[in-house]
Structures are given as C-alpha cells and as structure tokens.
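Undergrad: Could you have a look at this structure, given as structure tokens, before my questions?
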Amino acid sequence: MKQLTVWVFAFACLLSTQAWAKVDIQTWQTAKGTKVMYVHAPQLPMVDVELLFDAGSARDGDQWGVASFTANLLGTATPRHDENQISETFNDLGVQIGSSAGRDTASIHLRSLTRDEVLTPAMTLFAEISSQPIFRKKIMAREKARLMTGLKQKTVKPQSMLSDELWSKLYGDHPYAHPVSGTLKTVQKLTVDDVKAFYKRYYVAANAQVTIVGAVDRKKAEQMAEALTRNLPTGEKASALPQPKPLEKAQAKIIRFGSTQTYYTLAQQGVKRGDPDYYALFLGNHLLGGSGFGSLLMEEVREKRGLVYGVSSGFYPMKVPGPFQIGLSTKNTSAKEADEVVKQTLAQFMKDFPDEKLEAIKSNLVGGFPLRIDSNSKIAGYISMIGFYDMPLDYLERFPKKMAELSKEDVLKAWRKHIHPNKMLTLMVGEPDVKPVAK
C-alpha cells in the first residue's frame with residue numbers, strides 16, 4: 001500500500017515540546033503468540049499502531065523485490081473493500097496509514113485519534129487489510145509498471161548506483177546484498193502467485209510484532225493487539241539469517257558516470273543490533289562524523305580544505321552486522337584528495353582524539369537525549385526496534401547512562417576491535433580524477 005494518507009494532525013507538533021523522563025515499556029504476547037510492545041502516552045488523544053513482520057527483502061530468496069512488492073500491495077483490496085473504498089474510509093476517518101519494507105522487516109502502521117467513533121472503524125479496517133488482503137492482477141500490473149519506471153530512473157542516479165554497489169560488494173551472496181526494491185530483471189518476473197506465496201509464508205502471527213504507543217490504556221491495547229492478530233494464521237517464525245562474511249582485504253571500485261560530482265563512500269560491515277560495543281561505537285561515531293558541523297570529518301574535509309558541503313559517517317546495525325559507512329560528494333577534481341583526507345582522519349581518530357572533544361560530544365548526546373523520544377512516533381520507532389531485535393526493555397534509560405560512563409579508552413578499544421581501515425571498501429561514482437583501481 002502506498003501512502004494512503006490523509007491528514008496530518010496539526011496538533012501533533014505539540015509533542016515536540018514534551019520531554020520524557022522515563023518510558024515505561026510493557027510487553028506481552030497475544031493469544032496467537034505475537035509479541036506486543038506498548039507504551040501508555042496519554043498526553044494527546046491519539047495512538048500509533050504498527051504491525052511488523054520479519055519479512056524484509058532479506059527473505060526475497062531469488063525473487064528480488066517480492067518483499068517490498070508485497071508490502072506495497074497491502075491495502076489495495078480485501079473481500080469487502082476495493083482500493084477506492086479503503087482509501088476513502090481512511091480519509092473520512094482522518095487517519096494516517098501506510099506500509100513499507102526494508103532489509104529486515106516489513107510493516108503496516110496507523111496513526112489515529114482515540115475517539116471510539118474513529119479508532120474502532122480504523123482498527124477494523126487495519127486488521128482487515130493486514131489479514132485478508134487480495135492481490136489483484138490488474139493492480140499488480142499497474143504497480144509493477146510504476147516500480148519499473150522508478151527502477152529505470154535509479155540507473156541514472158549516482159547516489160542509487162553507489163548504494164546498490166555498496167550493498168553488493170559488502171555482502172556478496174548474503175541476503176542483504178541485493179536492492180530492497182529488486183531489479184528490472186527480477187521485478188519483471190514477479191507474479192501474483194509469488195506475492196501470495198510470500199504473504200502466506202511470512203505474514204503470520206508467529207512472525208509478527210504489534211507496537212502500540214498512545215492514549216489507550218493497557219486493557220484497550222490488549223484488545224487492539226488481539227483484534228489485529230486474531231485472523232492471522234499462527235505460522236512459524238522466519239529462520240535465522242546467515243552471518244555475512246566480512247571483506248578479507250581492501251577493495252576499491254570506480255563506476256564511471258557523467259557527472260560534475262563524484263559520489264564517494266568508504267565502508268565495511270559494522271555490528272549487529274544489540275552488540276554491547278555499539279554504545280562506544282555510537283559515541284565515537286558522533287565525534288568522527290555523526291554530529292554534523294561538530295565532527296572531525298567535517299572539520300578536516302570541509303572547514304580546513306573546502307572539499308565538500310557535507311560529510312558524514314554512521315553505523316547501521318541490523319539483524320546481523322549492518323554497514324559502517326562514511327559518505328560524501330565532491331567535485332571530480334577533488335575526489336582523490338577527499339578520499340585521502342577521509343582515510344587520514346579515520347586513521348588519526350582511531351589512534352587518538354582530544355579529550356575535550358569527546359566530553360563535548362558526550363554532553364551533547366546526554367543532554368539532547370530527551371529530544372530523541374519526544375513524540376509518540378519516535379517512541380514507537382524505538383520500542384518497535386527494541387522488541388524486534390530482542391533488546392532490553394530499559395534500553396532507553398540505559399542509553400544516556402552508558403554514554404556518560406564511557407571513557408576515551410572504551411571508545412578506542414571498541415573501534416579498534418570492529419573497524420579495520422586496511423579492509424575497507426572504497427567506492428566512487430562519477431568522473432573522479434583518479435586512475436582506475438584494482439578490485
């Protein structure tokens with residue numbers, strides 16, 4: 001289902017002014033065995049609900065794009081409603097609903113007022129499109145044509161080319177390696193039967209999680225979770241993903257593309273979600289390139305040398321180790337120098353960095369932490385992550401405490417354990433003034 005959206009509650013922005021001292025996360029299982037993550041947030045009469053499945057593109061097999069396609073088709077038809085009726089009903093109720101898929105998960109999410117005359121019919125239709133979808137050939141053909149157009153456009157977008165090549169090179173034959181949306185070749189082959197089979201296997205209660213954040217009490221939340229999962233088959237959990245193989249040596253590749261800018265990344269596999277070293281890696285990354293204008297990379301690459309407008313770095317922990325990546329774009333003539341400065345800055349950072357810079361970053365992270373959980377949607381995102389990756393329920397309380405406790409030695413130890421500058425992947429897309437490099 002594309003965004004069937006509709007209203008944005010004007011008063012939702014009021015949440016941004018609220019700071020949450022503590023998030024009381026409650027969890028239980030429905031009668032069908034589905035995990036529920038719940039936070040009571042009574043400040044405003046609204047609720048965010050997500051039905052999440054372990055059904056991301058890592059489950060595509062050789063049918064690249066089927067997970068994304070399945071998620072996008074939800075909400076286009078049920079036994080009692082066609083596409084227009086579904087859209088009009090949600091519009092009339094003034095709720096937001098949408099679906100999406102990434103590499104690990106696929107989800108359907110709803111935001112609604114909590115008045116019974118709105119929430120009850122909204123939840124009824126939400127459960128219907130989740131558990132009783134009909135995948136019509138005519139709609140699939142339309143959506144396939146739309147997706148094919150988008151995939152063709154990707155082939156002339158250097159940022160997309162860089163991203164697809166990064167995942168392919170870093171993950172080889174692992175299920176993370178291919179694009180979430182598939183490719184022109186694989187999407188063209190997808191059929192309604194493929195989508196039905198994928199839905200039947202992965203959209204089951206045992207493979208699902210319900211997240212509820214808002215002004216509904218525990219009893220009401222239990223009723224909502226039961227209603228959402230009642231008609232789902234029990235099914236089985238998805239199997240564990242294989243561990244990806246890290247690069248054994250440095251690799252480099254230039255994709256020649258007619259552009260005045262070169263798009264650049266330096267990357268390797270990072271850590272999985274829940275890794276105990278993530279706190280130290282996260283803190284160090286804020287110092288290196290994750291905090292915008294206060295970062296070392298921004299200072300060296302932009303402010304001292306004027307090579308870029310922006311440069312950043314980040315860890316993307318997933319079910320199994322996700323990527324660590326430094327990214328920028330620069331003039332073709334500056335690409336070689338930018339590459340050298342990035343690698344020098346990373347090497348110097350892993351050798352040592354100023355204590356005062358670390359303390360400033362720690363202060364910023366700890367002091368600004370309440371802003372990370374200052375709305376229902378942000379809390380829903382966090383507790384959904386906590387539930388899906390089986391992280392401790394006190395993660396949100398633990399996070400700022402861990403930041404405050406970490407020393408320079410802790411940060412350096414974690415980075416030297418997980419980041420290997422001599423085994424990283426260097427990619428460039430553009431016309432960099434650099435000689436072709438060996439793979």
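The values are calculated or read from the model by the stated rules, or taken from the named source; none is laboratory data. Since the structure is predicted, the reported quantities are computational estimates derived from the model, not experimental observations. Cβ placement follows ideal geometry from the backbone for every residue including glycine, while neighbour counts extend to all protein chains displayed. We work out accessible area using only protein heavy atoms, side chains counted, and drop any ligands, DNA or RNA first. Shrake-Rupley method; radii C 1.70, N 1.55, O 1.52, S 1.80 Å.
Undergrad: Determine whether region 208-228 contains at least one residue that is at pLDDT 95 or above, of a type in the set (S, T, N, Q), in contact with an Asp or Glu (Cβ under 6 Å, 6 or more places away or on another chain) and not in a loop (DSSP other than H, G, I, E, B).
TA: Checked region 208-228: at least one residue is at pLDDT 95 or above, of a type in the set (S, T, N, Q), in contact with an Asp or Glu (Cβ under 6 Å, 6 or more places away or on another chain) and not in a loop (DSSP other than H, G, I, E, B).
Undergrad: Tell me whether region 390-399 contains one or more residues that are more than 16 Å from Met350 (Cα to Cα), surrounded by fewer than 13 Cβ atoms within 10 Å (Cβ to Cβ) and in contact with a helix residue (DSSP H, G or I) (Cβ under 9 Å, 6 or more places away or on another chain).
TA: Within region 390-399, one or more residues are more than 16 Å from Met350 (Cα to Cα), surrounded by fewer than 13 Cβ atoms within 10 Å (Cβ to Cβ) and in contact with a helix residue (DSSP H, G or I) (Cβ under 9 Å, 6 or more places away or on another chain).
Undergrad: Do we have Ala267 as out of contact with any Gly (no Cβ under 9 Å at 6 or more places or on another chain) and either touching a residue at least 24 places away in the same chain (Cβ under 8 Å) or aliphatic (A, V, I, L, M) (or both) here?
TA: no
Undergrad: In region 362-411, which residues are in contact with a Gly (Cβ under 8 Å, 6 or more places away or on another chain) and either at negative phi or modelled with pLDDT under 90 (or both)?
TA: Residues satisfying the conditions are Asn364, Asn376, Tyr389, Met391, Val411.
Undergrad: Another question, if that's okay. Can you tell me which of (1) within 23 Å of the chain's Cα centre (by Cα); (2) surrounded by fewer than 16 Cβ atoms within 10 Å (Cβ to Cβ); (3) within 20 Å of Ile255 (Cβ to Cβ) is the one Lys169 doesn't meet?
TA: Checking Lys169 against (1) within 23 Å of the chain's Cα centre (by Cα); (2) surrounded by fewer than 16 Cβ atoms within 10 Å (Cβ to Cβ); (3) within 20 Å of Ile255 (Cβ to Cβ), the one that fails is (2).
Undergrad: OK, next. Against the conditions (1) touching a residue at least 12 places away in the same chain (Cβ under 8 Å); (2) surrounded by fewer than 19 Cβ atoms within 10 Å (Cβ to Cβ); (3) among the charged types (D, E, K, R), where does Arg103 fall short? Just the number, please.
TA: Single failed check for Arg103: (2).
Undergrad: Being out of contact with any helix residue (DSSP H, G or I) (no Cβ under 6 Å at 6 or more places or on another chain) and of a type in the set (S, T, N, Q) is the filter here; which residues of region 204-262 pass it?
TA: Result: Asn207, Gln223, Ser239, Gln243, Gln251, Thr260, Gln261.
Undergrad: So, one more: Val434: over 28 Å from the mean Cα position of the chain (by Cα) and either surrounded by 19 or more Cβ atoms within 10 Å (Cβ to Cβ) or at pLDDT below 95 (or both), yes or no?
TA: Against the criterion (over 28 Å from the mean Cα position of the chain (by Cα) and either surrounded by 19 or more Cβ atoms within 10 Å (Cβ to Cβ) or at pLDDT below 95 (or both)), Val434 qualifies.
Undergrad: Got at least one residue in region 326-338 being within 28 Å of Asp54 (Cα to Cα), open to solvent by less than 40 Å² (accessible area, probe 1.4 Å), in a strand (DSSP E or B) and not aliphatic (A, V, I, L, M)?
TA: Taking every residue of region 326-338 in turn, none turns out to be within 28 Å of Asp54 (Cα to Cα), open to solvent by less than 40 Å² (accessible area, probe 1.4 Å), in a strand (DSSP E or B) and not aliphatic (A, V, I, L, M).
Undergrad: Right, Asn285: modelled with pLDDT of 95 or more and either surrounded by 14 or more Cβ atoms within 10 Å (Cβ to Cβ) or at positive phi (or both) or not?
TA: Here the answer is yes, as Asn285 does meet what is asked.
Undergrad: Name the single residue that is nearest to Gln268 (Cα to Cα) among those in region 164-192 being without any contact (Cβ under 8 Å) to a residue 60 or more places away in the chain and not in a loop (DSSP other than H, G, I, E, B).
TA: Ser168
Undergrad: Now for a separate question. State the number of residues belonging to region 344-359 that are in a helix (DSSP H, G or I), charged (D, E, K, R) and open to solvent by less than 80 Å² (accessible area, probe 1.4 Å).
TA: Qualifying residue count, region 344-359: 1.
Undergrad: Is it the case that Pro276 is surrounded by fewer than 17 Cβ atoms within 10 Å (Cβ to Cβ) and closer than 30 Å to Lys357 by Cα?
TA: yes
Undergrad: Would a scan of region 91-98 turn up a residue that is open to solvent by less than 50 Å² (accessible area, probe 1.4 Å) and more than 19 Å from Ala122 (Cβ to Cβ)?
TA: Within region 91-98, not a single residue is open to solvent by less than 50 Å² (accessible area, probe 1.4 Å) and more than 19 Å from Ala122 (Cβ to Cβ).
Undergrad: Which one is farthest from the chain's Cα centre (by Cα), of the residues in region 374-425 that are in a helix (DSSP H, G or I) and among the polar types (S, T, N, Q)?
TA: Asn422
Undergrad: If I filter region 193-209 for residues that are buried (at least 21 other Cβ atoms within 10 Å of the Cβ), at positive phi and of a type outside the set (Lys, Arg), do I get at least one hit?
TA: For region 193-209, residues buried (at least 21 other Cβ atoms within 10 Å of the Cβ), at positive phi and of a type outside the set (Lys, Arg): absent.
Undergrad: Can you pull out the residues in region 254-273 that are of a type in the set (A, V, I, L, M, F, W, C) and either in contact with a Lys or Arg (Cβ under 9 Å, 6 or more places away or on another chain) or in a strand (DSSP E or B) (or both)?
TA: Correct list: Ile254, Ile255, Leu266, Ala267.
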